[in-house]
Amino acid sequence: MFLSLAHGSIRVKDIIESKKFYGEVLGLQHARDDENERFKFAFYKIGDTEIELLESKMEDYEERTAGPVDHIAFFVDDIEKEICRLKGLNVIFTMDTVKEVMAYKVMFIQGPNGERIELMERVK
């Protein structure tokens, strides 16, 4: 039986730049760093789940440009406030305006590795 999602993994080109984005820009809680002979890892807590940043140490490592995972999504309490904050930090937005989809207000941004990140606020 599946209990919950353990983590989502994002392949990054520069773990230091990515840690700044996920920690300082998005404000996620840094959980830990690790590395082995092949990879450097950084983990960020969000609720009961973690986001894993993964940088390869291998020069001949084949990059995945697009895989089956389209994006990751984060719930926010006030999407307009978050948009203003992120614009002030020069985050790249991939939509012009907030869209209402089902019972949510949504906006997409781009991470430092080209990853698509969705911000979602429940419509009250």
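Below is a table of values for the structure above.
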| item | result |
| --- | --- |
| Average projected area [Cα convex hull, the chain], square nanometres | 9.3 |
| At R0 = 35 Å, FRET efficiency that the Cβ-Cβ distance of LYS81 and ALA6 yields, to 0.05 | 0.70 |
| Cα→Cβ-extended label distance, 7 Å offset, between GLU35 and SER56, nm | 1.7 |
| Residue with peak Gaussian network fluctuation, the chain [Cα springs, cutoff 10 Å], from TYR104, TYR44, TYR22 | TYR104 |
| Per-q log10 I(q)/I(0), region 70-124, q = 0.16, 0.19, 0.26 Å⁻¹ (Debye; single scatterer per alpha-carbon; no solvent) | -0.42, -0.60, -1.11 |
| Charge dipole magnitude, Cβ of K and R +1, D and E -1 - the chain, Cα centre, debye nearest 20 | 380 |
| The chain: angle of helix 79-88 to the longest principal axis, Cα-based, in degrees nearest 10 | 60 |
| Paired Rg and Dmax values of region 1-59, which use every Cα atom, in angstrom | 11.9, 38 |
| The chain: relative contact order as a whole-number percent, Cα under 8 Å and 6+ apart | 23 |
| GNM top mover of ALA31, ALA103, ALA42 - the chain, alpha-carbon springs below 10 Å | ALA103 |
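Taken together, the values in this text are just the output of simple stated rules run on the coordinates, not laboratory data. Given the structure is predicted, the values throughout are model-derived calculations rather than measurements. Virtual Cβ from ideal backbone geometry, glycine too; neighbours counted across all protein chains shown.
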